[in-house]
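As structure tokens, the structure follows; a few thoughts come after it.
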Amino acid sequence: MPVPFYDRVTKDIFFQDRPRLLNRLVGGKPVREILNSELPKTLERRADMVLLVDPRELHHLEFQSTNFAGLPYRQGVDSFLLAERYKKRRIFQTVVYFGERPMRMASSLDIGSAVVQYRLIDIREFDAMEVADGGTPADLVLATLARGGKEKLKAILERIYALEPEARNRALA
């Protein structure tokens, strides 16, 4: 996309001549250096799950099995890409952690002009048998990962074996 003429002229003035206005725009602090402003392009980014809850509200779910230090940046990118694609809809993000190690990821990122916040939920926050009460193959499998799932594994497996053959095979797979 070609850069409009006035954009080029304005950028040139700020880059080459460094008007005093530049210092005012950054709160009166001296500019130490003009950094490389080329931003890498994301070729393709796919969110794990995006749900339309009502005409004005989207819920973005991410599933995470390891502690990932870069998660706040990824959630930030996803939230802005979703907001751009689904304009006029509020974006709510939740990350569900299924890892074995204790969860220790940040649930927000404040970079100054933008703040990214999302719910961070450890599957172990849910009681295994309450999850299993959903009764679906998915509920029963997730129950094994929830709090007390290892201790209640026998009871969960009994429920799985009581399912119809197709559902039982799905849960065991």
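The values are calculated or read from the model by the stated rules, or taken from the named source; none is laboratory data. Bear in mind the structure is a predicted one, so any value in this text is a computation, not a measurement. A quick note on method: Cβ atoms are made from the backbone with ideal geometry, for glycine too, and the neighbour counts reach across all protein chains shown. With ligands, DNA and RNA removed, areas are computed over all heavy atoms of the protein, side chains included. Shrake-Rupley method; radii C 1.70, N 1.55, O 1.52, S 1.80 Å.
Data for the structure
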quantity: Residue satisfying all of: in segment 43-70; in a loop (DSSP other than H, G, I, E, B) and touching a Leu at 6+ places or on another chain (Cβ under 8 Å); nearest to ARG124 (Cα to Cα) among these; calculated: ASP48
quantity: Selection status of LEU153, surrounded by 19 or more Cβ atoms within 10 Å (Cβ to Cβ) and more than 15 Å from the chain's Cα centre (by Cα); calculated: no
quantity: Hits in segment 125-148 (condition: free of Cβ contacts under 8 Å to residues at least 24 places away in the same chain, within 20 Å of VAL95 (Cα to Cα) and part of a loop (DSSP other than H, G, I, E, B)); calculated: PHE126, THR144, ALA146
quantity: Matching residues, segment 7-29, being open to solvent by 100 Å² or more (accessible area, probe 1.4 Å) and in contact with a helix residue (DSSP H, G or I) (Cβ under 8 Å, 6 or more places away or on another chain); calculated: LYS29
quantity: Segment 71-109 - residue that is in a helix (DSSP H, G or I) and among the small types (Gly, Ala, Ser) and, of those, nearest to ASP54 (Cα to Cα); calculated: ALA83
quantity: Residue, least open to solvent (accessible area, probe 1.4 Å), within segment 44-79, restricted to residues that are closer than 20 Å to ALA114 by Cα and free of Cβ contacts under 8 Å to residues at least 24 places away in the same chain; calculated: GLY70
